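The values are calculated or read from the model by the stated rules, or taken from the named source; none is laboratory data. Treat the numbers as computed from the prediction; the structure is a model and nothing was measured. We place every Cβ from the backbone using ideal geometry, glycine too, and count neighbours over all the protein chains shown. These accessible areas exclude ligands, DNA and RNA; they are computed on the full protein's heavy atoms, side chains included. Shrake-Rupley method; radii C 1.70, N 1.55, O 1.52, S 1.80 Å.
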Amino acid sequence: MGLKSTYSCILGSIFSMDSMKGQGGIQMLLTAEQEARQIISNAKNLKLTRLKQAKEEAEREVKLYHSNMEAAHQKKISETSGSSGSNVKRLDEETAMRIQSLKESASRVSSDVVAMLIKHVTAVEA
């Protein structure tokens, strides 16, 4: 038996009832339809409530993750900035030592450089 014939049988049995039974059947269908609408409405409301809860939970998790990442980032910055101060001090000391070394080297060779310049400036080439 196909769907079309089943549907025809149902319709035939509904319309073949006498008017009293037909009215009761129609009322029963209307009541069933109303109950189905109520069930669907409740299901939609429940679904919306669950979606709202899931969204709120996801937002809380995102905020928690963001705060954890921010804390880790701030910790990393504080660790590197602390060592940065010691690096600056170390670099300043190294620079001062190199400058002193260059001054000493310059003072040792400055008389030789002056003598060489005077020799080349005063030398006459023929």
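If you take all other residues with their beta carbon under 14 Å from the beta carbon of K52, and give Lys and Arg +1 and Asp and Glu -1, the sum is +2. The dipole here belongs to the stretch 63-126: it is taken about the Cα centre, uses +1 on the Cβ of Lys and Arg and -1 on the Cβ of Asp and Glu, and is about 280 debye. Per atom type, the stretch 45-121 shows carbon and sulfur on 61% of its accessible surface, probed at 1.4 Å. For the stretch 96-108, putting each phi into the Karplus relation 6.51 cos²θ - 1.76 cosθ + 1.60 with θ = phi - 60° gives couplings of 4, 5, 5, 4, 4, 5, 5, 4, 5, 4, 5, 5, 5 Hz, in residue order, rounded to whole numbers and with x for Gly and Pro. Its residue count N sets the reference 2.2 N^0.38 Å, and the alpha-carbon radius of gyration of the stretch 64-126 equals 2.47 times that reference.
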